[in-house]
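Working notes, structure below.
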Amino acid sequence: MPNKGKQILAVWGSPSSGKTVTAVKIARELSLNRKNVAVVFCDGVCPALPTVLKTKKPVEGSLGEVLSAPSVTQELILKNCVCPAKNPYISFLGYKAGENVFTYADYAKERAVDLLVLLRHVADCVVVDCASSLTDSILSTAALEVADAVLRLGSCDLKGVSYFMSSLPLIADRRFKPEKHIKVLSNVKSRQDSGGYENAYGGVSYKLPHVDDIEEQFYSLSLLDGLPGKEAKEYEFVIREIAEGVFGNG
Ligand SMILES: Nc1ncnc2c1ncn2[C@@H]1O[C@H](COP(=O)(O)OP(=O)(O)OP(=O)(O)O)[C@@H](O)[C@H]1O
Ligand SMILES: [Mg+2]
């Protein structure tokens, strides 16, 4: 049964598990159903915008401008969103190339929550690409608390297992509801015996297969394009299932 009314999805997980790719692919899927989607890229250590957005003009807006402002307004959010040329339904909000932790003043959790609350008014759906390192990103931690659903991506390797052993205790508090996370085994290669990792993660709801063309798209900044081939069908099916399950998209 689709959960109608859910609006904010936080995509969180182990380093390099595919959080950014998955967030963008879910946004694309939602946009195919004419939903206006805001994708927020939280990572301030390695900004994601320059890794996903193909643009000729220099990017003007930044998530940093929004979070460091005295107060967050819808106008300020819209001013700092960047729209990919090919998809009018999608807006990106993230740190720009070259920015780092010293570019903007610190912000408090309240500011992060204000942003997430206001984003509900700005877009039909909000997808938050969280940073793996929660201690480096107040916005990511706030998203894990405030989001209507959290997609927890685990990579199919021991690094992923080790990551969650260390990071889950950071969000053990009841307000994070970790038991409600939708667990995904991500970037699963066909030759991999993924069963051991499924068990290590305490079972998963979805498996996202590795698709060579996704890597190609990642390196050519074209993740908003569709994927050719049979291999990709399964991947797109899982993305569709997640979008429908979370947002009632369909
Ligand atoms: N399903 C997939 N098939 C093939 N390649 C994938 C898939 N998912 C992710 N990748 C590749 O894995 C790499 C990491 O993906 P991505 O940057 O989305 O991970 P991340 O979790 O956002 O990383 P970080 O922790 O650095 O933010 C990229 O090269 C991407 O193309
Ligand atoms: Mg990322």
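The values are calculated or read from the model by the stated rules, or taken from the named source; none is laboratory data. Every value quoted in this text rests on a predicted model; they were computed, and no experiment measured them. Neighbour counts are summed over all protein chains in view; Cβ atoms, including those assigned to glycine, are modelled from backbone coordinates with ideal geometry. Just the protein is used for accessible areas: all its heavy atoms, side chains included, with ligands, DNA and RNA removed. Shrake-Rupley method; radii C 1.70, N 1.55, O 1.52, S 1.80 Å.
Give me the residue from the range 116-132 that is more than 16 Å from ligand 1 (Cβ to nearest atom) and charged (D, E, K, R) and, out of that set, farthest from residue 148 (Cα to Cα).
Only one residue fits best here, namely 124.
For (1) assigned to a helix (DSSP H, G or I); (2) touching a strand residue (DSSP E or B) at 6+ places or on another chain (Cβ under 6 Å); (3) loosely packed, with under 14 Cβ neighbours inside 10 Å; (4) at pLDDT 95 or above, each residue gets a yes or a no:
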site: 135; (1), (2), (3), (4): yes, no, yes, no
site: 142; (1), (2), (3), (4): yes, no, no, yes
site: 152; (1), (2), (3), (4): no, yes, no, yes
site: 160; (1), (2), (3), (4): yes, yes, no, yes
site: 167; (1), (2), (3), (4): yes, no, no, yes
site: 191; (1), (2), (3), (4): no, no, yes, no
site: 196; (1), (2), (3), (4): yes, no, yes, yes
site: 216; (1), (2), (3), (4): yes, no, yes, yes
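Residues that are open to solvent by less than 10 Å² (accessible area, probe 1.4 Å), more than 16 Å from ligand 2 (Cβ to nearest atom) and closer than 27 Å to residue 176 by Cβ: find the strands (runs of 3 or more DSSP E) completely inside the range 1-116 holding 1 or more of those.
Answer list for the range 1-116: 8-13, 37-41.
Residue by residue, here is whether (1) within 16 Å of ligand 1 (Cβ to nearest atom); (2) β-branched (Val, Ile, Thr); (3) closer than 27 Å to residue 226 by Cβ holds:
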| site | (1), (2), (3) |
| --- | --- |
| 20 | yes, yes, yes |
| 43 | yes, no, yes |
| 83 | no, no, yes |
| 103 | no, yes, no |
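Pick from 106, 124: which is of a type outside the set (Val, Ile, Thr) and under 16 Å from the mean Cα position of the chain (by Cα)?
124
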